[in-house]
Amino acid sequence: MSALESEPERAAFIRAHTRLLPVPHAAELSLHVAEEATELWQKTEDELAVIGLPPPFWAFAWAGGQALARYLLDNPEIVSGRRMLDFASGSGLVAIAAMKAGAASVEACDIDAFAAAAIGLNAEANGVAVTARLEDLVGRDEGWEVICAGDVCYERSMAEAVIGWLGDLSRRGATVLIGDPGRSYLPKDKLEAVATYEVPVTRALEDAEIKRSSVWRLAG
């Protein structure tokens, strides 16, 4: 077994390749992020592909996630005392913001084991408890009262599956919020924008240094 297939080694890899820094648009929070975006991405693809390390989405504060985090911190009544799911959590940013805003409990799910490790490290760094779940929860309903999803509309089939599932959760009464800077497959006809921000992002990974990013509410 590769060393990076064990949880302690994944955590060690994250610590070795990131720095704990404030989130640009939610400076109350800090994340383990890659300072040299392209260097880590290249290292992942070239040197670590042999062990199946996926692209390190967990190592960056993406625009939609930053927008969601800011919105929850500024509007704590959305999650206060409620059970929340942060879907495709990546770094755990939105989950951490929800706990800081007073959520009763937060689960953060992702299908990348490195993301699950990053969620744990980042939650600890911010002094909150978040349950990381390494699984795909699309199609499941475990009674969450609030579901947040950041930056999930960059690929057609994923966007369609996720929006369909989230629509079902919204129709049964859950609050569903999507953070997105207007990616290709965002179904704006099904969404209502509740907040818009100018979010600093990683220029090496995005097409601009500032992304106009919105928090959208999905209607049932």
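The values are calculated or read from the model by the stated rules, or taken from the named source; none is laboratory data. Being a predicted model, the structure only gives us computed values, none of them experimental. Note that each Cβ is placed from the backbone with ideal geometry, even for glycine, and that neighbours are counted across all protein chains shown. These accessible areas exclude ligands, DNA and RNA; they are computed on the full protein's heavy atoms, side chains included. Shrake-Rupley method; radii C 1.70, N 1.55, O 1.52, S 1.80 Å.
Taking Cα atoms only, the orientation of helix 63-74 departs from the longest principal axis of the chain by about 60 degrees.
Here the label points at ALA208 and ARG19, each 7 Å from Cα along the C-beta direction, are separated by 2.7 nm in the simple model.
For the range 135-205, the relative contact order works out to 36 percent when only alpha carbon pairs closer than 8 Å and six or more residues apart are counted. The range 183-199 and the range 50-89 have Cα centres lying 16 Å from one another. When only Cα pairs below 8 angstrom with a gap of at least 6 residues are kept, the chain shows a relative contact order of 19 percent. About its Cα centre, the chain has a charge dipole of approximately 640 debye under the convention of +1 per Lys or Arg Cβ and -1 per Asp or Glu Cβ, with nothing else charged. Under the convention that each Lys and Arg Cβ holds +1 and each Asp and Glu Cβ holds -1, the size of the dipole of the range 57-164 around its Cα centre is about 240 debye. Spread over its residues, the convex hull of the C-alpha atoms of the chain is 113 Å³ per residue. Under the shape rule built on the C-alpha gyration tensor, where the axes satisfy a ≥ b ≥ c, the range 116-220 is oblate, since a/c reaches at least 1.5 while a/b does not exceed b/c. Averaged over its residues, the range 3-79 has an accessible area of 47 Å² per residue, based on protein heavy atoms and a 1.4 Å probe. GNM on the chain, alpha-carbon springs under 10 angstrom: the most fluctuating residue among PHE87, PHE13, PHE60 is PHE13. Sort the range 77-149 into rounded, prolate or oblate with this rule: let a ≥ b ≥ c be the square roots of the eigenvalues of the Cα gyration tensor; rounded if a/c is under 1.5, and if a/c is not under 1.5, prolate when a/b is larger than b/c, oblate otherwise. The shape class here is oblate.
Taking Cα atoms, how many degrees apart are the long axis of helix 156-171 and the longest axis of the chain, rounded to 10 and kept between 0 and 90? Its long axis makes an angle of about 40 degrees. Using the Cβ atoms and a cut-off under 10 Å, what net charge is assigned to the surroundings of CYS109, where Lys and Arg are +1 and Asp and Glu are -1? Here the count lands on -3.
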